[in-house]
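Reviewing the structure listed below.
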Amino acid sequence: MSIDKPGILSDRKKQIFEKGVDSFELKCEKVSTAGSVSQRACAFCGSRVVLYPIVDALHLVHGAIGCAAYTWDIRGSLSSGPQLHRTSFCTDLREKEVIYGGETKLREALYILIQEHKPSAAFVYITCIAGIIGDDVTAVCKEVQKNTDIPVIPVQSEGFKGTKKDGYKAACESLMRLIGLGEGPSIPLSINILGDFNIAGEIWVIKKYFEQMGVTIVATLTGDSRVDQIKNAHRAQLNVVQCAGSMKYLGKMMQDKFNIPFVNASFFGIEDTAKSLYDVADFFNDNAIKNRTKSLISTEIALIRPLLGEIKAKCNGKNAALYVGGAFKAISLVKALRHIGIKTVLAGTQTGNAQDYEVLKNVCDNGTVIVDDSNPVELSRYLIEKDVNLFIGGVKERPLAYKLGIGFCDHNHERKICLAGFEGMVNFAKEVCASLTSPVWKFVNWRKKTHHEA
Ligand code: SF4
């Protein structure tokens, strides 16, 4: 079957699906097409963003300085205590190490840094160059761990090993080396939160809800987390998995090894936040928790409803495009935008799977374009074709919006505003509304003009 999508690389055509028009199965979970400048980062970056928020660990990049600079302070992950995670340590591999090997440099760096910073654990990220020259990072980590008495964990995150999602998996495998090291019995009515990285303090908002419900949080993976919490994560009774793209794999591994079930969750938007809290309450099947959850949700919704109504009146009839990392976020955003009168005309993700895209298709309206692992050319094309008013994405999508004269909302890990939970929904709606109604757009009507003339 030939798919008519002029200007789109032929290998990409089945990764772009228009609801109500196309009938094929959307292709996903594949390596990026050659020639398509994917918005995805490398596998190393995938590992780095997952482990980075562990605030009392040493994060050492074993590679060229560029890998460390590229991921320095990569998330706006806040800490309620130590700030060690915010320093990007690197072995700075150069020509000499490429020829003679980098193990000596790695060993020395680990001893010096552990002595100086006294971390609770150390993660050593294996980058492209370390993988190519074949350093035995595992052996070095083992030796240093024995002599320093802290966990020293290699992260198999060679940039070339696959997609960003393979980097997520490598990070999850490294976390599994910590989980279970703590001792003690299972903790009643307790959970771990997987896949929240405490961007702009979001984990604190979510934790507050669970505390009000009477649910104990053992570990947050990895937002504002401590190594000791992670060591004890196997003592929780349920894993609540928010960022499915990065952490579902860990949820599955913990289920297999420790028999801990997991539920999928999203704390973006009213509906999904409420559903996630109810799902946890239902899991414990405890009447007191159920009652507290119901009362918490109705109080929170009553508080924000009037303001959301005012915002909806201003945004009604506008449209938006979104391109984010994981599919759960995309699904939640479509619903959250609908809540304030905005229709999603383009929805894409870097790491969605077939199941995720089925849900995304169901939640979107006819005519919405759904894209997997897109690139700037495709995104720009659909932003113009759909005459988009607002683009939601991250640091790599922002310039596309600005160049095309479109309002932009940052929903990625660099953002500084909390967008999770009920209060996050208000922040999101306010930001979207401020962008859409800014008087600046009357000065950039060239985009619309060009489009209509074309
Ligand atoms: S692709 Fe390789 S060299 Fe580039 S940042 Fe990733 S790990 Fe470093």
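The values are calculated or read from the model by the stated rules, or taken from the named source; none is laboratory data. This one's a predicted model, so the numbers in the text were calculated from it and none came from an experiment. Positions of Cβ are backbone-derived with ideal geometry, glycine not excepted, and every protein chain shown enters the neighbour counts. What goes into the accessible areas is simple: the full protein's heavy atoms, side chains included, and nothing from ligands, DNA or RNA. Shrake-Rupley method; radii C 1.70, N 1.55, O 1.52, S 1.80 Å.
Numerical summary
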| read-out | value |
| --- | --- |
| Some residue of the stretch 403-423 being of a type in the set (A, V, I, L, M), modelled with pLDDT of 95 or more and more than 16 Å from the chain's Cα centre (by Cα) | no |
| Residues satisfying the stated conditions in the stretch 6-16, i.e. more than 23 Å from the chain's Cα centre (by Cα) and either open to solvent by 70 Å² or more (accessible area, probe 1.4 Å) or under 12 Å from I370 (Cα atoms) (or both) | P6, G7, L9, S10, D11, K13, K14 |
| Exclusive hit being surrounded by fewer than 17 Cβ atoms within 10 Å (Cβ to Cβ) and either more than 15 Å from the ligand (Cβ to nearest atom) or free of Cβ contacts under 8 Å to residues at least 12 places away in the same chain (or both), set V21, V37 | V21 |
| Flag for V31 being more than 12 Å from the ligand (Cβ to nearest atom), open to solvent by 40 Å² or more (accessible area, probe 1.4 Å) and within 19 Å of F160 (Cβ to Cβ) | yes |
| Residues being assigned to a loop (DSSP other than H, G, I, E, B), within 19 Å of F408 (Cβ to Cβ) and open to solvent by less than 40 Å² (accessible area, probe 1.4 Å) - total across the stretch 309-338 | 1 |
| Conditions (1) open to solvent by 20 Å² or more (accessible area, probe 1.4 Å); (2) farther than 29 Å from C45 by Cα: number failed by G341 | (1) |
| Given (1) out of contact with any Leu (no Cβ under 9 Å at 6 or more places or on another chain); (2) under 20 Å from I114 (Cα atoms); (3) charged (D, E, K, R), number of the condition E183 does not satisfy | (2) |
| Cross-chain or 6+ apart pairs with Cβ under 6 Å, the stretch 384-396 first and in contact (Cβ under 8 Å) with a residue 40 or more places away in the chain, then open to solvent by 10 Å² or more (accessible area, probe 1.4 Å) and among the basic types (K, R) | N389/K318 |
| Test: residue in the stretch 266-273 that is hydrophobic (A, V, I, L, M, F, W, C) and in contact with a strand residue (DSSP E or B) (Cβ under 9 Å, 6 or more places away or on another chain) | yes |
| The listed residue being under 26 Å from the mean Cα position of the chain (by Cα) and not assigned by TED's automatic domain parsing to the domain that holds L360, out of D228, D286 | D228 |
| Single match in L110, L106, L58 (criterion: over 26 Å from D224 (Cα atoms), at pLDDT 95 or above and open to solvent by less than 20 Å² (accessible area, probe 1.4 Å)) | L106 |
| Any chance K396 is under 27 Å from D166 (Cα atoms), of a type outside the set (G, A, S), open to solvent by 20 Å² or more (accessible area, probe 1.4 Å) and modelled with pLDDT of 95 or more | no |
| So V241, is it at pLDDT 95 or above and over 21 Å from G46 (Cβ atoms) | no |
| Inter-residue pairs, beta-carbon under 6 Å, first within 14 Å of L51 (Cβ to Cβ) and in the stretch 110-129, second within 14 Å of the ligand (Cβ to nearest atom) and among the charged types (D, E, K, R), 6+ apart | I126/E158 |
| Selection status of F44, within 16 Å of the ligand (Cβ to nearest atom), more than 26 Å from G245 (Cβ to Cβ) and aromatic (F, W, Y) | no |
